[in-house]
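A.B. asks: Okay, handing you the structure first.
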Ligand SMILES: C[S@@+](CC[C@H](N)C(=O)[O-])C[C@H]1O[C@@H](n2cnc3c(N)ncnc32)[C@H](O)[C@@H]1O
């Protein structure tokens, strides 16, 4: 049954503390809402990259008291659509995930096809498919993981709205969306939500997937989540800009810093920047003595 009050809720938390740059950013608020309503026991993500969506699921579970785990699978090498990247991506993600989510999150560095052997059949309540986006890739990811889905399973497909660079999620979505209860968000490159399991808790989703929403209600629901997503996107863009500025400043050689600082000091008559003097290395025994 449609309950617009629930469909137009504003989650109190809308984004994870770990906010790396990502095309998924605008779906953060919906991820929090979805986890709260589905209460999945096992979430699997195919395609983690910097980990935004993975952390959104994990954080929503943490904050909403949902006892479950989140397994992220990726080679952490990249692909033709996400781009190829270096070891620092997994290193940064691991450094954030462990202290924030402990054992709740497991990162599996392998191909999706290899991870199949490590996940029990019928165990996944929420599957997020976000690997390489050719039609053949998404079909393979979806069909090969079907046996792993629980009767309650919901599947998310990212990038249903992207038609460039030979993306084909839109094509698979067109083939399967009408076969099960489903809904598609158009913002943030498109996100398809599919109730694949025969016992998927669609009632908990307040009519989102039932197909009973009229055109005006669909537009309101899409507009609501797009608006929340845009707000999170703006925060993320600001954060990314700050991080880039900080990184640039760190790269500035001391000489340039001194010049800028002297210029600013001259303008405002305040003391200039002084390069920090490195403390000489002390023998371990000294440090021990200072501690005791
Ligand atoms: C679009 S990114 C994932 C974005 C992520 N969900 C987010 O929130 O930003 C796709 C990732 O899938 C990984 N990938 C693509 N095909 C893969 C495969 N067959 N096995 C493992 N990883 C794969 C790539 O390494 C890349 O990091």
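Rule-based calculations on the coordinates, nothing more; no lab input. Quick caveat, the model's predicted, so the values are computed rather than measured. Neighbour counts are summed over all protein chains in view; Cβ atoms, including those assigned to glycine, are modelled from backbone coordinates with ideal geometry.
A.B. asks: Under the classification rounded if a/c is under 1.5, otherwise prolate if a/b is larger than b/c and oblate if not, where does region 79-184 fall, given a ≥ b ≥ c as square roots of the Cα gyration tensor eigenvalues?
C.D. replies: In terms of gyration-tensor shape, oblate.
A.B. asks: OK, next. State the antiparallel share, in %, of DSSP beta bridges confined to the chain, rounding to the nearest 5.
C.D. replies: The antiparallel proportion sits near 35 percent.
A.B. asks: Indicate, rounded to the nearest 5 percent, the antiparallel portion of the DSSP beta bridges found entirely in region 77-195.
C.D. replies: Here the share of antiparallel DSSP bridges comes out near 70 percent.
A.B. asks: Angle check, please: helix 88-101 long axis (alpha carbons) against the longest principal axis of the chain (alpha carbons), in degrees 0 to 90, nearest 10.
C.D. replies: Once rounded, one gets 80 degrees.
A.B. asks: Here's a follow-up. In degrees between 0 and 90, to the nearest 10, how far off the longest principal axis of the chain does helix 215-251 point, with axes built from Cα atoms?
C.D. replies: For helix 215-251, the angle is close to 20 degrees.
A.B. asks: Okay, next question. If each residue's Cβ is checked for other Cβ atoms within 10 Å, how do 57, 183 rank with the fewest at the top?
C.D. replies: Ascending number of Cβ neighbours within 10 Å: 183, 57.
A.B. asks: Separate question: From the helices alone, meaning DSSP H stretches of at least four residues, give me the mean residue ellipticity at 222 nm for the chain, per-run term -39500 (n - 2.57), in deg cm²/dmol to the nearest 500.
C.D. replies: -13500 deg cm²/dmol
A.B. asks: In degrees between 0 and 90, to the nearest 10, how far off the longest principal axis of the chain does helix 52-63 point, with axes built from Cα atoms?
C.D. replies: Tilt of helix 52-63: around 80 degrees.
A.B. asks: A follow-up question, please. Quick one: grab the alpha carbon gyration tensor of region 4-238, order the square roots of its eigenvalues as a ≥ b ≥ c, and give me rounded if a/c is under 1.5, else prolate or oblate depending on whether a/b is larger than b/c.
C.D. replies: Taking the square roots of the gyration eigenvalues as a ≥ b ≥ c, region 4-238 is rounded.
A.B. asks: Sorted from fewest to most neighbouring beta carbons within 10 Å, what does the list 160, 179 look like?
C.D. replies: 179, 160
A.B. asks: For a footprinting-style exposure proxy, rank 75, 12 by other Cβ within 10 Å, fewest first.
C.D. replies: Ordered from fewest to most neighbouring Cβ atoms within 10 Å, 75, 12 come out as 12, 75.
A.B. asks: Does region 35-105 classify as rounded, prolate or oblate by the C-alpha gyration tensor (a ≥ b ≥ c root eigenvalues; a/c under 1.5 gives rounded; else a/b over b/c gives prolate, otherwise oblate)?
C.D. replies: prolate
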